[in-house]
1. Multiply the residue separation of Ser59 and Lys97 by 0.36 nm, subtract the distance between their alpha-carbon atoms, and state the gained length in nm to one decimal.
2. Given a 10 angstrom Cα cut-off, can you work out which residue in Asn110, Asn74, Asn54 is the most mobile in a GNM of the chain?
3. Ser27 to Asp137: FRET efficiency via 1/(1 + (r/R0)^6), r the Cβ-Cβ distance, R0 22 Å, to the nearest 0.05?
4. Provide the gained length on full extension for the span Lys38 to Val150, in nm with one decimal, where the gain is 0.36 nm per separating residue minus the Cα-Cα distance.
5. Give the Rg/Rh ratio for segment 76-159, taking Rg as the radius of gyration of the Cα atoms and Rh as the Kirkwood radius, to two decimals.
6. Computed on alpha carbon atoms, what radius of gyration and Dmax characterise the chain, expressed in Å?
7. State which stretch of the chain is the longest one without any exposed trypsin sites (Lys or Arg not before Pro), exposure meaning a DSSP loop state and at most 14 other Cβ atoms within 10 Å.
8. Would you calculate, for the chain, the mean residue ellipticity at 222 nm contributed by helices, counting each DSSP H stretch of 4 or more residues as -39,500 (n - 2.57) and dividing by all residues, to the nearest 500?
Amino acid sequence: MEVRIGSHTGKFMDFILSCAQDERFISLTPMSQQLIKKRNREELVLRLFAYAENLDSYSNNVKNMLDKYLEQKNETVTDDDINGYQERFNRLLKFIKKNFEHGFRIKNLNSKNISRIEFEAIAIGSYLALMQNPDLDNIETDWLQNPEFVNYVTTDGRSNTNERVLGRIEYVKTHILGING
């Protein structure tokens, strides 16, 4: 992310940097000083929007997807687009704060660092659910401890496979929307 910040300057990058400094976001994404210096919060914000808009075309290569998305957004984003992104980001943070007792954390609630995989599941699944129904308010979250879901957010060599990425995000989205079969 440090390299992206230097090489992909533009309006969308400025927006990403701003979101990463949002006090609500900081409180929901604890991390060590080392990860903060590596700009991991900025990468989490970028992942949120890149996955949300490109989930259907994701193909196991996170780095390429993030780079291409950021490059394209910096070239095409308008002020109106940024306002829309900001509104959806604010709605997401409010929703997470209200409905998820531990924010973006699922398994290791005492860890110093937020898990990218857990963040992706909760953040992107919630974001997509809110895109489908912006009026979502109070939800049940007992499904967070379901073994099927815990498997999706367990880190291993397959964490970024299409099946696992799509599975964890879709699991959260459908449970939030109440269409989990």
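The values are calculated or read from the model by the stated rules, or taken from the named source; none is laboratory data. It should be emphasised that the depicted structure is a prediction, and the values quoted were computed from it without experimental measurement. Quick reminder, even Gly has a Cβ in these numbers, built from the backbone with ideal geometry, and neighbours come from all protein chains shown. Surface areas here come from the heavy atoms of the whole protein model, side chains and all, with no ligands, DNA or RNA. Shrake-Rupley method; radii C 1.70, N 1.55, O 1.52, S 1.80 Å.
1. Extending this stretch completely gives an extra 10.6 nm.
2. The residue that fluctuates most here is Asn110.
3. Numbers: r = 21 Å, r/R0 = 0.94.
With a Förster radius of 22 Å, E is 0.60.
4. 37.6 nm
5. We get a ratio of 1.01 for segment 76-159.
6. Every Cα atom of the chain included, Rg and Dmax give 15.5, 45 Å.
7. Formally, the longest exposed-site-free interval is 39-111.
8. -18500 deg cm²/dmol
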